[in-house]
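The block underneath contains the structure these notes are about, expressed in structure tokens.
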Amino acid sequence: MNSTKAIITSVGHYVPPDVYDNHYFEEFLDTNDQWIRERTGIIERRFAKDGATSDLAVPAIKMCLDRRGLAPEDIDCIIVATVTPDMFFPSTACVLQEKIGAKNAWGFDLSGACSGYLFALATGAQFIESGTHKNVLVVGADKMSSIIDFEDRNTCILFGDGGGAVLLEPSEEEGYGLLDFDLHIDGAGEPYLHMRGGGSLNPPTQESVANKLHYVFQDGKAVFKEAVIGMADTTERIMKSNNLAPEDVRWLVPHQANLRIIKATADRIELPMENVMVNIDKYGNTTAATLPICLSEWWENGNIAKGDNLILATFGAGYTWGSGWLKWAY
Ligand code: COA
């Protein structure tokens, strides 16, 4: 049996410099700081004043490669999880390949909404484990400010812009890397969280713009209920099937959509909050970028060590959801 595993050998992240706290929204919406904090855990987020999603990814990739001492030419494949690609085509992977000069890489975009990063990580790991690739860059980046309706208080307060990247490489050292994952989709979730405009179903017209079809729509209550169940179920499942007890888990790395969803997941697996990565207070929901930003920040602060068990958990539009078990390797 092939014993090669995909390990993370470097991490990087980027958030734009402009900070928008909850009071920013009070100026033009019927909302307030207390409501946003109590219902979501968000205190502030970053919005990029200009540029595209690839501009959030480039600095994250550079940080990731610099930390590993690799050149862009060393990359074999770039996988980009995003719901805000620079354009429909070419892919943001192509845009990034050109921008960073990764001459030897192929790549593609992957659409899994807030679970996109986990789906991309699992996909990248297959290329490593099959032995066909040596350096796979897995990027998660979203410029959510480009698709949120700043007149809709239900959604615009939730999101932020950001990017993250990790490098996957092969390892023969037993028991390290992405050891298991549990991934799901359920298309019955589409009515509750979607952006229906711009694709072949609703090509852009004056009417589609007037009807705000090019913005995120979310029925928050419906999604909340499903997210609490879906994220907790998958997290519990991956721990049980790998005989992991709460005390075995150094970090739960949850998608940062709502602090109450994160707490419900931690409660279900009986994990204290000091073992849970939380930065939703600073960045809000950056969609495909939440997981790699967490990994990069926690690593940067010296809070992840070789041998740590990390459980990644996500839920998002689709619905999409899943979990992964990662044994940190460096
Ligand atoms: N400020 C003040 N009031 C607001 C508000 C805001 N920004 N947004 C909504 N409200 C209002 C609602 O209109 C509602 O008023 P009503 O009862 O008069 O209709 C009231 O607050 C309560 O809304 P409710 O939907 O019950 O709030 P909630 O506790 O469910 O929190 C979310 C709303 C969006 C924070 C929450 O539902 C959520 O996080 N959903 C899931 C997000 C998610 O996981 N997405 C998946 C991945 S992207």
Any idea which residue in region 222-257 is nearest to the ligand (Cβ to nearest atom), counting only those that are polar (S, T, N, Q), surrounded by fewer than 23 Cβ atoms within 10 Å (Cβ to Cβ) and outside any helix (DSSP H, G or I)? N242
Only one of (1) open to solvent by 20 Å² or more (accessible area, probe 1.4 Å); (2) assigned to a loop (DSSP other than H, G, I, E, B) is not met by T155, so which one is it? (1)
If you scan region 87-109, which residues turn out to be touching a Lys or Arg at 6+ places or on another chain (Cβ under 9 Å) and without any contact (Cβ under 8 Å) to a residue 24 or more places away in the chain? Q97
E190 versus (1) closer than 27 Å to I229 by Cα; (2) touching a strand residue (DSSP E or B) at 6+ places or on another chain (Cβ under 9 Å): which is the lone unmet condition? (2)
Criterion violated by Y117 - all others in (1) surrounded by 18 or more Cβ atoms within 10 Å (Cβ to Cβ); (2) among the hydroxyl-bearing types (S, T, Y); (3) over 20 Å from P59 (Cβ atoms) satisfied: (3)
Can you tell me which of N303, N285, N258, N279 is of a type in the set (S, T, N, Q), more than 28 Å from L137 (Cβ to Cβ) and in contact with a helix residue (DSSP H, G or I) (Cβ under 9 Å, 6 or more places away or on another chain)? N258
Would you be able to say whether some residue in region 110-123 is in contact with a Leu (Cβ under 8 Å, 6 or more places away or on another chain), part of a helix (DSSP H, G or I), more than 16 Å from the ligand (Cβ to nearest atom) and free of Cβ contacts under 8 Å to residues at least 60 places away in the same chain? yes
Here is a list: D161, D142, D152, D186. Which entry is more than 19 Å from A288 (Cα to Cα), touching a Phe, Trp or Tyr at 6+ places or on another chain (Cβ under 9 Å) and at pLDDT 95 or above? D152
Give me a count of the residues in region 286-319 that are within 13 Å of the chain's Cα centre (by Cα) and open to solvent by 10 Å² or more (accessible area, probe 1.4 Å). 2
List the number of the failed condition for H184; all other conditions in (1) crowded, with 24+ Cβ neighbours inside 10 Å; (2) under 30 Å from L244 (Cβ atoms) hold. (1)
Output yes when any residue across region 189-200 is part of a helix (DSSP H, G or I), modelled with pLDDT of 95 or more, touching a Leu at 6+ places or on another chain (Cβ under 8 Å) and away from the ligand (no atom under 16 Å from the Cβ), and no when none is. no
Please return the ranges of strands (runs of 3 or more DSSP E) entirely within region 1-82 where 1 or more residues are open to solvent by 50 Å² or more (accessible area, probe 1.4 Å) and within 16 Å of the ligand (Cβ to nearest atom). 19-21, 44-46
Residue by residue through region 164-179, note down the ones that are modelled with pLDDT of 95 or more and either small (G, A, S) or exposed (fewer than 15 other Cβ atoms within 10 Å of the Cβ) (or both). G164, A165, S171, G177
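The values are calculated or read from the model by the stated rules, or taken from the named source; none is laboratory data. On a predicted model such as this, the values are computed, not experimentally measured, just so you know. As a convention, Cβ positions derive from the backbone with ideal geometry for all residues, glycine included, and neighbour counts pool all protein chains shown. For accessibility, only protein heavy atoms count, side chains too; no ligands or nucleic acids. Shrake-Rupley method; radii C 1.70, N 1.55, O 1.52, S 1.80 Å.
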